[in-house]
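Scroll down for the structure; my scribbles are underneath it.
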Amino acid sequence: MTVQTASVSLLEVHALTFLRHDLPVFAPQSFSLCAGELVWVEGANGSGKTTLLRVLAGLLHVGTGTLYWRGKALERDDSAGEILYIGHQLGLKADLTARENLRVAAGLHGSRPAMEPSQALRELGLRGYEDEPVRRLSAGQKKRVALARLLLLPAALWLLDEPYANLDRVGTTLVNRILGTHAAAGGAALVTTHTAPDADDGRWRRIRLGA
Amino acid sequence: MLRRELLLAWRRRGDIAMPVLYAVLVTVLFPFALGPEDTLLQRIAGGIVLVTVLLAMLLTLDAMFTSDIEDGSLEQLVLSPQPLALLLGMKILAHWLTSALPLIVIAPLLAAMLHLPGPVIPVLLLALLLATPLLSLLGAILVALTAGTRRSGMLLALMLLPLCMPAVIFAAGAVAAAQQGLPWLAPISWLAAILVLAIAFAPLACAGALRIALDA
């Protein structure tokens with residue numbers, strides 16, 4: 001491997017599988033993700049999209065295969081904080097307000113937030129809902145609160161499981177815009193979704209998971 | 001993290017009062033069941049208060065991680081760059097502050113209801129101060145272990161009660177010794193020693209158990 005590719009490629013995946021009861025959930029996957037790249041993971045229900053993302057996030061053990069982070073074999077200590085995962089369960093406390101939830105996330109991340117929680121919420125169109133307990137927000141609004149974490153925390157790689165679910169058309173364009181800005185700033189993202197994301201944007205690449 | 005937990009607990013103030021009420025009611029039951037004899041109640045008062053407080057805590061343990069697992073907060077905790085054991089330690093501390101501390105505050109009242117002599121009450125409180133965090137820590141490990149299973153409440157009680165036997169023995173030993181005017185420092189020191197061990201290792205064990213629970 002040359003030094004040059006190592007400096008650009010954020011995440012490299014070699015023949016990765018995940019084993020559930022000794023059976024692979026998806027066929028071995030090999031791909032690499034460079035800075036500024038957006039990847040759309042496509043596949044039918046149950047084809048292992050979420051599992052793939054959870055393995056990459058470090059929530060599940062790698063079955064077989066290797067992961068490289070910035071050219072080196074992936075150590076969770078190195079990548080912690082650089083990989084941001086937002087799954088189906090949003091990780092929001094229903095009893096806390098949107099602003100408090102974001103503050104907790106920033107505190108957990110341990111770094112100086114890139115912007116104020118209220119500003120991140122404004123960006124996602126939640127002005128006026130900052131101090132509303134998340135319990136009282138709609139599903140789409142909750143999703144937006146969770147996505148506001150993306151703006152708040154400086155992470156290179158975003159792993160988003162169905163970020164468009166529950167979002168209206170405005171929200172969808174919003175997510176596309178955020179992803180675009182992230183990629184332009186040298187970040188990368190892996191996104192699972194059933195509907196094609198912004199196809200006009202040349203940055204999108206497609207990975208297909210067969211069942 | 002500690003702030004978050006305490007804030008969450010504050011949002012559900014009602015839940016804090018539950019175990020306290022439970023402990024009061026259980027303690028009130030004893031004089032009814034055994035008859036209001038001073039000497040008998042005095043003899044068993046220490047034990048009753050101890051066991052009642054432990055059982056009341058058991059009620060609250062179950063919920064320690066369930067909500068975090070359900071709403072995905074636990075995933076975010078595991079993925080955060082902070083050491084998981086430390087975060088869980090904070091969670092356990094918050095649990096102790098919100099569930100055990102109120103119980104300890106009313107313990108003198110409970111003890112007085114059962115005619116426990118005044119000079120013994122400080123010993124009882126000391127024993128509780130050492131025994132309850134132990135229960136929080138041991139309980140947290142078991143809650144983490146049973147996190148993946150549904151309806152783990154009963155299983156949890158069955159596993160935890162034998163484990164907290166030593167705590168009960170030493171705590172009750174201290175109270176009984178104080179009641180008879182004997183030195184009570186030895187059992188208290190034992191309790192403290194076990195607690196120190198638990199503080200050091202329980203968060204690590206918890207972190208390991210929760211990682212396994214998620215990895216399925």
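Within this structure, A:Arg99 fails the test of being within 14 Å of chain B (Cβ to nearest Cβ) and surrounded by fewer than 17 Cβ atoms within 10 Å (Cβ to Cβ). Taken as a whole, the structure leaves A:Phe31 outside the set of residues that are aromatic (Phe, Trp, Tyr) and within 14 Å of chain B (Cβ to nearest Cβ).
Quick check on A:Ser32: is it surrounded by fewer than 20 Cβ atoms within 10 Å (Cβ to Cβ), in a strand (DSSP E or B) and out of contact with any His (no Cβ under 6 Å at 6 or more places or on another chain)? Yes: the conditions hold for A:Ser32.
Scanning segment A:127-170 for residues being in contact with a Ser or Thr (Cβ under 7 Å, 6 or more places away or on another chain) and more than 30 Å from A:Gly48 (Cβ to Cβ) gives a total of 4.
For segment B:129-186, residues that are under 18 Å from the mean Cα position of the chain (by Cα) and polar (S, T, N, Q) total 4. Once segment A:102-119 is narrowed to residues that are assigned to a helix (DSSP H, G or I) and over 25 Å from B:Glu70 (Cα atoms), the residue that is farthest from the other protein chains (Cβ to nearest Cβ) is A:Gln119.
Give the number of residues within segment A:39-83 that are more than 14 Å from every other protein chain (Cβ to nearest Cβ) and over 12 Å from A:Leu10 (Cα atoms). Qualifying residue count, segment A:39-83: 15. Those helices (runs of 4 or more DSSP H) of segment B:55-167 in which at least 2 residues are hydroxyl-bearing (Ser, Thr, Tyr), within 14 Å of chain A (Cβ to nearest Cβ) and surrounded by fewer than 20 Cβ atoms within 10 Å (Cβ to Cβ), considering only elements entirely within it, cover B:63-70. Whenever a residue of segment A:143-158 is β-branched (Val, Ile, Thr), its partners that are in a helix (DSSP H, G or I) and surrounded by fewer than 23 Cβ atoms within 10 Å (Cβ to Cβ), lying with C-beta atoms within less than 9 angstrom and at least six residues away or across chains, give the pairs A:Val145/A:Val134.
Answer yes or no as to whether B:Thr132 is among the hydroxyl-bearing types (Ser, Thr, Tyr) and modelled with pLDDT under 85. Taking the combined requirement at face value, the residue does not satisfy it. Taking segment B:174-216 as the range and being outside any helix (DSSP H, G or I), of a type in the set (A, V, I, L, M, F, W, C) and free of Cβ contacts under 8 Å to residues at least 60 places away in the same chain as the test, only B:Leu182 passes.
Just to be sure I understand, how many residues within segment A:167-179 are surrounded by fewer than 15 Cβ atoms within 10 Å (Cβ to Cβ) and without any contact (Cβ under 8 Å) to a residue 40 or more places away in the chain? Going through segment A:167-179 one residue at a time, the tally reaches 4. Does segment A:84-92 contain any residue that is within 13 Å of chain B (Cβ to nearest Cβ), of a type in the set (A, V, I, L, M, F, W, C), farther than 18 Å from B:Ser80 by Cα and crowded, with 16+ Cβ neighbours inside 10 Å? No, segment A:84-92 contains no residue that is within 13 Å of chain B (Cβ to nearest Cβ), of a type in the set (A, V, I, L, M, F, W, C), farther than 18 Å from B:Ser80 by Cα and crowded, with 16+ Cβ neighbours inside 10 Å.
The residue that is nearest to A:Ile207 (Cα to Cα), among those in segment A:35-64 that are in a loop (DSSP other than H, G, I, E, B) and hydrophobic (A, V, I, L, M, F, W, C), is A:Ala44.
Candidates B:Leu129, B:Leu97: the one that is among the aliphatic types (A, V, I, L, M) and farther than 22 Å from B:Leu185 by Cα is B:Leu97.
The values are calculated or read from the model by the stated rules, or taken from the named source; none is laboratory data. Predicted, not measured: the structure shown is a model, and the values here were computed from it. Positions of Cβ are generated from backbone atoms using ideal geometry, with glycine treated the same way; all protein chains shown enter the neighbour counts.
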